[in-house]
1. For region 342-420 and region 1-58, what is the centre-to-centre distance using only Cα atoms, to the nearest Å?
2. Calculate the tail of P(r) for region 201-317: the fraction of all Cα-Cα distances greater than 23 Å, expressed in %.
3. Regarding region 351-390, what is the average projected area of its C-alpha convex hull, in nm²?
4. Ranked highest first by the average count of other Cβ atoms within 10 Å around their residues, in what order do 131-144, 329-342, 77-90, 30-43 fall?
5. Please find the FRET efficiency linking E100 to E418, where r is the Cβ-Cβ separation and R0 is fixed at 35 Å, and quote it to the nearest 0.05.
6. My understanding is that a pair violates if its Cα-Cα distance is over 24 Å; which of K7/K233; K7/K368; K61/K233 do that in this structure?
7. Work out how much length R109 to A48 would gain on full extension: take 0.36 nm times their residue separation and subtract the Cα-Cα distance, in nm to one decimal.
8. Only helices at least 15 Å long along their own axis, judged from Cα atoms, and with Kyte-Doolittle mean hydropathy of 0.5 or greater: name those in the chain from DSSP H.
Amino acid sequence: MPDGTVKQVGPLTGTSVWTVPGRAHRPLAPPREQVRELVPGDERRLCAFCVDRYLETTPEKARLIGPDFDEVRRVPASALFAQDAQFRRFANLFEIVSAEYWRENHGFRQPAAVFEWAQDYLTDPVGLEHITALAAIRARASGTETSLEEAALDLLGGSHDVIVARRHVVDGATHDDQLVSSGELTPDEHAAYVAFTVRSLAEIEAAQPHAAYVAVFQNWLRPAGASFEHLHKQLVAIDEHGPQVDRELRMLAADRGLYQHRIADVAVEQRLLVAATDGAVAFAGIGHRYPSFEVYSTAAENLPHEHSERGVRAVSDLVHALHAATGVHVPTNEEWHYRPRRAPWPMPWRVLVKWRISTPAGFEGGTKVYVNTIDPWELRRRAVVELERLRGEGRLAPGIRIGDECVAADAHLRYADEAL
Ligand SMILES: [Zn+2]
């Protein structure tokens, strides 16, 4: 518009978004009101995800240890504290889609291996005490009692998992707001985190035959929906893939090259490429309720777990770089999108990083027009400046092209090559 208002429509969602001039220079994240000084040892017990509080989370399904991020599975309760895990995976204590949901609505029964694991876990006295305490918490929350065997089965065999990073705050932190976000991890740590999540996604999908989709996301800080300020991702199996995928499948029926034509080509034309690496590309997204980056895998594979190690790493490196450029105090949602198991058309693996810096309110509720304070070009400009600074400090993975270093060929998506 002549006054500088930018009206956008999300090409995949149809969401109507206005960026109003004069609001873009407000600070992204106000400083936290209460900051607490840490005494030595506090950094290991700030929340229930911290390393000295492993027994406050549910039984561990897997962990990564050591400098090479070796995977160790099903550590018994009595051995949890033998060493600090780099990353851990366990069931969410309060699932969105519960084990009971799969049992009652789909007649799902746990396989023998999970029964045996539950028996083993309860045979360990520390494990028995662990399950007893967790069962009591769940019984208080739900108002229904279950046996310890049932509680153990649900906790070990559920399909809503959490993956938690080791550190809550940076090494040597003196205050509790010196948090470790995705961008504070090293590129190698972040790659291990993403690869662990990809493997977990494949396992959850394989273990739950009634799942239509496994939602993967990361909520960072409370305004983005996180219960703890401790870095974690979540994976939730669901029995439908939701209306947004349905909408995209209808669009794909008419154009298999949907994401190339409606997203990548438009980003090139509008000069919205933020960064690229061999195997992935990042755009400043158009028509989102919140300022959003879109990282697309440019590989031919559709599912995250079909990607090569290098393909996963490429996506990880760009997602890491964008989190680093975002900064630790900006609340974000990271959302993974990929082709659902039974979807008939090819879809690329893509990861959205959204800055949750505003709260839709009455205006949005009444009009379904969303006011976003930063337009895609300003988002790109800010990100490019930050990425260049971070690269100069050696904080990014090698091989990332930034801003105008990207070329149109970087935005060539190959997800539909076989279908075209
Ligand atoms: Zn913590």
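Nothing in this text is a laboratory measurement; each read-out follows from the coordinates by a stated rule. Not measured: the values here are computed from a predicted model. FYI the Cβ positions are ideal-geometry reconstructions off the backbone, even for glycines, and counts take in every protein chain you see.
1. Region 342-420 and region 1-58 have Cα centres separated by 16 Å.
2. 44
3. With the hull built on Cα positions only, its mean projection is 3.7 nm².
4. My ranking of the peptides, most packed first, is 329-342, 77-90, 131-144, 30-43.
5. It comes to 0.30.
6. Going by Cα-Cα distance, K7/K233 fall outside the 24 Å limit.
7. 19.0 nm
8. Length and hydropathy pass: 125-142.
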